[in-house]
Amino acid sequence: MFCEPDVIAQIRRFLPTAPPHVAGRVRDFSTEQLVARLVELGISTPEVGEIAAHWGGFQRDVGWASLLADLVEMVELQRGDFDAPLRIWPDMEKSGPDGRFLLFYLFALCFERTRDFLRRGGCPEEIIDSTFSILKRHAQIHRRKFASTGVDAGWWMIPTLRGEIVHVGSLQFHRVTLGVGSLSPSPWFGEAEAAELGVGFRRGDPSVGIHIPERSDLSPEAVDASLQRARAVIATLWPVGQRRLATCQTWMLDDRLSSYLAETSNIIRFQRRFNLLPRWRDDDQDVLEFVFRQTGKKLSDLEATTTLQRAVKEVLLSGGHWRDRTGWFDFDAGLGPGYIR
Ligand SMILES: CC(C)(COP(=O)(O)OP(=O)(O)OC[C@H]1O[C@@H](n2cnc3c(N)ncnc32)[C@H](O)[C@@H]1OP(=O)(O)O)[C@@H](O)C(=O)NCCC(=O)NCCS
């Protein structure tokens, strides 16, 4: 039974209703198929066993099965529709296995069609594989946080399944129409400022949002290599004929981190690649989540073992705040004929 009706109701509000053939896809998906897909996605053997053992009961539960079918329908309808709104919802940690496994089931049902979609766009096989490693990574984060099987930040699987994210080397790259896509940077330049800055900065311009997966190699060499490869992959996958920016919005771009971290730290050297917007918003929640991953603890009780953790804690305990900053740089290096700058 649903234990978090608010979250379920929140999700249901934006979901289409699955037609009978999609409901049939959920009903007819066998445990063997599920196991094969989860193994292919790199999910650990004990977790696959646990998720598969629950599948029959999940399929028979009308509420959960129809929620899953509606999510499948949404993913299928939105694949390739990069401007479709992306919804963010809280994880259903307290809903028991139904809520915790929902995103495994969705991923297993949908990722093959996403693979076909990316292949048709010319995405290399090894990039597709590394893009799908997101499920395994978020299962590992969930285990570290809650010591149970689940998918941390389940909503973040949706843009991957819609086919608008690729993971290249150390970074994820997200196709975003500036000012239109739900994850377009905000705050951004005002209309008049953007018009003055010109092509690439305006509402409606194509851009590439950069995301930093947890525990990725953020050394300058690894980031250089990721960017170089991503430029080649994305030139084929999402070609443009105009200036295109890479943007990034994160706590990691708070330039005050340089007061706490060494000049040679990977985060500081990553920051130096970006032009920072002169406006921002305070966001302590993200920094706490990404730097501690310790749920349900008071600030004073958070265990701080790294330089960064000590700095984050010190600033917050003294009543200060951390900032979510936005930065940009030119993404496409070579400007071919017909490219508008
Ligand atoms: C990307 C990442 C692997 C970079 O870590 P890194 O290469 O160690 O970065 P730095 O060299 O700048 O680290 C400097 C110090 O901060 C610590 N640190 C860096 N990121 C940390 C994190 N997320 N949590 C805790 N400590 C961290 C390092 O351990 C190091 O401390 P030390 O000098 O005491 O050993 C790491 O920050 C991470 O996993 N981040 C989570 C992903 C994320 O937040 N993405 C953005 C989402 S908006």
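List of remarks:
- When we screen 277, 308, 257, 288 for residues that are hydrophobic (A, V, I, L, M, F, W, C), out of contact with any helix residue (DSSP H, G or I) (no Cβ under 9 Å at 6 or more places or on another chain), in contact (Cβ under 8 Å) with a residue 12 or more places away in the chain and buried (at least 16 other Cβ atoms within 10 Å of the Cβ), the only hit is 277.
- Boolean, residue 124 is touching a residue at least 40 places away in the same chain (Cβ under 8 Å), surrounded by fewer than 17 Cβ atoms within 10 Å (Cβ to Cβ) and under 20 Å from residue 238 (Cβ atoms): no
- Complete set of residues in segment 213-249 that are hydroxyl-bearing (Ser, Thr, Tyr) and surrounded by fewer than 21 Cβ atoms within 10 Å (Cβ to Cβ): 216, 219, 236
- Filter pass, residue 272 being away from the ligand (no atom under 16 Å from the Cβ) and of a type in the set (D, E, K, R): no
- With respect to being among the hydroxyl-bearing types (Ser, Thr, Tyr), over 20 Å from the mean Cα position of the chain (by Cα) and either outside the structural domain of residue 126 (by TED's automatic domain parsing) or within 23 Å of residue 142 (Cβ to Cβ) (or both), residue 264 fits the description.
- One residue stands out in segment 188-203 among those that are part of a loop (DSSP other than H, G, I, E, B) and in contact with a Phe, Trp or Tyr (Cβ under 7 Å, 6 or more places away or on another chain): the one that is surrounded by the most Cβ atoms within 10 Å (Cβ to Cβ), namely 189.
- Of the residues 228, 285, 249, the single one that is in a helix (DSSP H, G or I), under 22 Å from the mean Cα position of the chain (by Cα), within 27 Å of residue 320 (Cβ to Cβ) and not hydroxyl-bearing (Ser, Thr, Tyr) is 285.
- Members of segment 83-121 found to be of a type in the set (Asp, Glu), surrounded by fewer than 16 Cβ atoms within 10 Å (Cβ to Cβ) and within 25 Å of residue 65 (Cβ to Cβ), listed by number: 112, 116
- The residue that is farthest from the ligand (Cβ to nearest atom), among those in segment 204-225 that are aliphatic (A, V, I, L, M) and either at pLDDT below 95 or not in a helix (DSSP H, G or I) (or both), is 208.
- Residues of segment 290-309 that turn out to be more than 8 Å from the ligand (Cβ to nearest atom) and either assigned by TED's automatic domain parsing to the domain that holds residue 137 or not in a loop (DSSP other than H, G, I, E, B) (or both), as a count: 3
- Applying the criterion of being closer than 28 Å to residue 85 by Cα, among the charged types (D, E, K, R) and exposed (fewer than 15 other Cβ atoms within 10 Å of the Cβ) to the residues of segment 13-53, the residue that is farthest from the chain's Cα centre (by Cα) is 27.
The values are calculated or read from the model by the stated rules, or taken from the named source; none is laboratory data. No experiment lies behind these values; they were computed from the predicted model shown. Neighbour counts are summed over all protein chains in view; Cβ atoms, including those assigned to glycine, are modelled from backbone coordinates with ideal geometry.
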